[in-house]
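**Student:** Right, I'll just put the structure down here and ask away after.
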Amino acid sequence: MFLNARTRLILASILLSSVVTVSVLGIVYVTTNVIIEQETRSVVEAEITGLSDDFERLGLLGLAAAIDRRVQSSTKQDAIYLLTDYRGRTISGNLATWPTSVEPGGGWVELDLVRTDSEEEVPIAAISIRLESNARLLVGRDASGRQKFDRILVQSAGLALIAAFVLSLITSWLLTRLVFSRITDISDTANTIVAGDFARRIPVRGTGDEFDRLAVTLNDMLGRIEELVNNLQLTTNSLSHDLRSPLTRLRTHLDTLLLEDAEQQDRDKAGKRALEEVDHLLRVFANLTEIARAEARLPKSDFETVDMNALVRDAVELYAPVGEERGVNLLGVGTAKPINGHRALLMQVLSNILENALRYAPDNSTINVRLVDQDGGLCIEVCDEGPGMPDAFIKTAIQPFQTLDPSRSNPGAGLGLALVAAVARMHDGNVHLENTTPGLKVSVTLARGDI
């Protein structure tokens, strides 16, 4: 049977918490016992030394009297003393007989013995020495209190382990619930998008944590994907509509060329118009290719430092003669710092905007091309004095195949501003259209990038 990730995470958390708790309690238990034992030994060894001094000063009877006083002292209820002569007969102390397993001078011992004030055996930790005249002295402590403390410590450790288990269970459940609820949000959103709802986004809870930052990043990615899918869908639908008319006209012209009874003049006219339709189709596909390149976000290695002042000046000089034929004056104003960009596509942006402006600008008017330097980038503003755009159309004007001439009787396929928008996005910028009455202002914002 396979456990899901949440269960495995909870079990791992409980196991880790239990191991840490047991380790800490084990260290506390061992350390406490070592400290108590060292303290007991220090006290007993100090008493052995003191009683040995009493023996040297007062003799055996004086030592016995000192032991009796200590046995009777209320402050030494856990103290163990036993003084015997060379034959093993008890002289003083609170033990009935000398333990047969204890050899004087044998060091620290722990055993169960019967005290004179009790009928039951009690655990004792003691040290014994041999005095002059072969008398023997045993000094120790009743270890019942320590064993009781050990039992309490073990019981407390058990309760602490149970509490740690319950606490880790609750904590890990809450944490995994929080984590997996965020993962579930991402998974549910992904499943919804797979089902076709590209407008769905991952909820951002406003906590500012890693999951929120991930959600924001993924939502930006989903927004970009939705935009590309919508553009693809729009392009596909528009292609089926926009190519039908030129292809139909092309077929008509080719049919004229194939007519045996057609006059040569009609053949020449049909051939010329067929070539015009082919050129139109080639321009459409060329624009689509440029848009695809821009949408694909060309690698930064294709970027270079671009002097936008010079680029705008070149574009104005290129299209100025076209405007002069109708009395339209092109003016380039403003300056800006260089940016890191794709020179050819940026020139194409200027060309597309100026071609649109010249197409709709009235005779004897002015088209202003302004460069505005901004923090982190620049803005290209092109203002004409034409009729502008309907407000409803402005919202969709930068989408592919959007044109003010639904009949497609005028030249152009509605791809110019779409390419401008794609190149702007490639340069981390955007396009804004605004009616200025009269005229239209096209603003293209571009990031400066790494110069």
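No lab work stands behind these numbers, since they all come straight from the coordinates. Keep in mind the model is a prediction, meaning the values are calculated, not measured. Because the Cβ atoms are built from the backbone with ideal geometry, glycine has one as well, and the counts that use them run over all protein chains shown.
**Student:** By how many nm would the segment from D314 to F165 grow when fully extended, if each residue of separation counts as 0.36 nm and the alpha-carbon distance is taken off?
**Tutor:** 46.1 nm
**Student:** Turning to a different aspect of this structure: Provide the gained length on full extension for the span S101 to E121, in nm with one decimal, where the gain is 0.36 nm per separating residue minus the Cα-Cα distance.
**Tutor:** 5.7 nm
**Student:** If you take the beta carbon distance between Y86 and V24 as r and set R0 to 41 Å, what does 1/(1 + (r/R0)^6) give as a FRET efficiency, to the nearest 0.05?
**Tutor:** 0.20
**Student:** Something else: Zone of K441 (label point 7 Å along Cα→Cβ, backbone N under 13 Å): which residues in region 369-399?
**Tutor:** Under cut-off, by backbone N: 369-372, 379-385.
**Student:** Between helix 264-295 and the chain, what is the angle of the helix's C-alpha long axis to the longest principal axis, kept within 0 to 90° and rounded to the nearest 10?
**Tutor:** Value to nearest ten degrees: 20.
**Student:** With angles folded into 0 to 90 degrees, how steeply does helix 5-72 sit against the dominant principal axis of the chain? Use alpha carbons for both and round to 10.
**Tutor:** Taking Cα atoms only, the helix is inclined about 20 degrees.
**Student:** Per DSSP H run of at least 4 residues, take -39500 (n - 2.57); add these up for the chain, divide by its residues and hand me the 222 nm value, nearest 500 deg cm²/dmol.
**Tutor:** Helix contribution divided over all residues of the chain: -20000 deg cm²/dmol.
**Student:** Given labels modelled 7 Å from the Cα in the Cβ direction, how far is it in nm from E276 to T192?
**Tutor:** 5.1
**Student:** Using only the alpha-carbon atoms, how far is helix 144-194 inclined from the longest principal axis of the chain? Give it as 0 to 90 degrees, nearest 10.
**Tutor:** For helix 144-194, the angle is close to 10 degrees.
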